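Colleague: Quick one: the structure is below, and I'll ask about it shortly.
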Amino acid sequence: MAFKKFSTATKLLASVSIFFAIGFAAEPAEAHNGEGNWPSHAVGSMSCAGKIVKAEPPRYVTAWKGRETDTVFWKPVLYRYNGSKYEQFKSLAEWPGYAYVTLYGFNPDTKPGWRNTSNDGRLNFTSFKSLPSGSYKILNQIHWVSTGATHTEWSPNSCAIK
């Protein structure tokens, strides 16, 4: 059996095609789907400054499989370390943010990104103010309207107020 020699251009085109096929087929590294139980998403981080904790909404959220679009709500719950474990310290009564999502992430055609539920403006973070010194963590709640399911996940970091 004879082997056909391929030109450098053909080899390069094949390599680039494989690279793009893998890139588009793979989930983003920071996203996960909870072993198939949740749509892909990646929660945001948090930070401390002065007596304030800022919680960022999820960086990435998708709709449930089989749905073209979905509406998701987000709410951070503040936890404080009590010397032996983190326990709930403050929770908001309302969901501060919502987003319209597709199977590929935020819907670019309908108010893209996170929106503030109280004034419909862009939402970059939610603050917890006038906090005592201590170590804090955020438990993110993400709620998909289409299924009524709510997922909770810790932010990837914690912070301290002195």
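The values are calculated or read from the model by the stated rules, or taken from the named source; none is laboratory data. Computed from a prediction, not measured in an experiment: that's the story for all the values here. Note that we place each Cβ from the backbone using ideal geometry, even for glycine, and neighbour counts take in every protein chain shown. For accessibility, only protein heavy atoms count, side chains too; no ligands or nucleic acids. Shrake-Rupley method; radii C 1.70, N 1.55, O 1.52, S 1.80 Å.
Colleague: Grab the Cα-Cα distance for Ala93 and Ser127, subtract it from 0.36 nm times how many residues apart they are, and report the gain in nm with one decimal.
Modeller: Length gained, Ala93 through Ser127: 10.9 nm.
Colleague: Averaged per residue, what accessible area in Å² does segment 33-162 show with a 1.4 Å probe, protein chains only?
Modeller: Averaged over the residues of segment 33-162, the accessible area is 53 Å².
Colleague: Using a 1.4 Å probe, how large is the accessible area of Phe89, given in Å² and rounded to the nearest 10?
Modeller: 80 Å²
Colleague: Could I ask something else about it? In whole Hz, with x marking every Gly and Pro, tabulate ³J(HN,Hα) for segment 153-162 from phi via Karplus 6.51 cos²θ - 1.76 cosθ + 1.60, θ = phi - 60°.
Modeller: Here the 3J(HN,Hα) series is 7, 5, 4, x, 9, 10, 8, 10, 10, 8 Hz.
Colleague: So if we plug the beta-carbon distance of Ser135 and Asn37 into 1/(1 + (r/R0)^6) with R0 = 41 Å, what FRET efficiency do we get, rounded to 0.05?
Modeller: Rounded to the nearest 0.05, the efficiency is 0.85.
Colleague: Using θ = phi - 60° and the Karplus form 6.51 cos²θ - 1.76 cosθ + 1.60, what ³J(HN,Hα) does each residue of segment 96-113 get, whole Hz, x for Gly and Pro?
Modeller: So the J values, rounded to whole Hz, are x, x, 9, 8, 9, 10, 10, 5, 10, x, 4, 6, x, 8, 10, 6, x, x.
Colleague: Also: Here is the link list: Lys54/Lys85; Lys75/Lys162; Lys90/Lys162; Lys65/Lys129; Lys111/Lys162; Lys65/Lys85. Which ones come out longer than 28 Å on Cα distance?
Modeller: Lys65/Lys129; Lys111/Lys162; Lys65/Lys85
Colleague: Roughly how many nanometres apart are two label points built 7 Å out from the Cα toward the Cβ at Asp109 and Thr150?
Modeller: Using points 7 Å along Cα→Cβ, the separation is 3.1 nm.
Colleague: Let me ask you something else. Just the number, please: carbon plus sulfur as a percent of the accessible area of segment 32-162, 1.4 Å probe, no ligands or DNA/RNA counted.
Modeller: 48 percent
Colleague: Would you please give the FRET efficiency between Asn82 and Ala49, computed as 1/(1 + (r/R0)^6) with r the Cβ-Cβ distance and R0 = 30 Å, to the nearest 0.05?
Modeller: Using R0 = 30 Å, I get an efficiency of 0.85.
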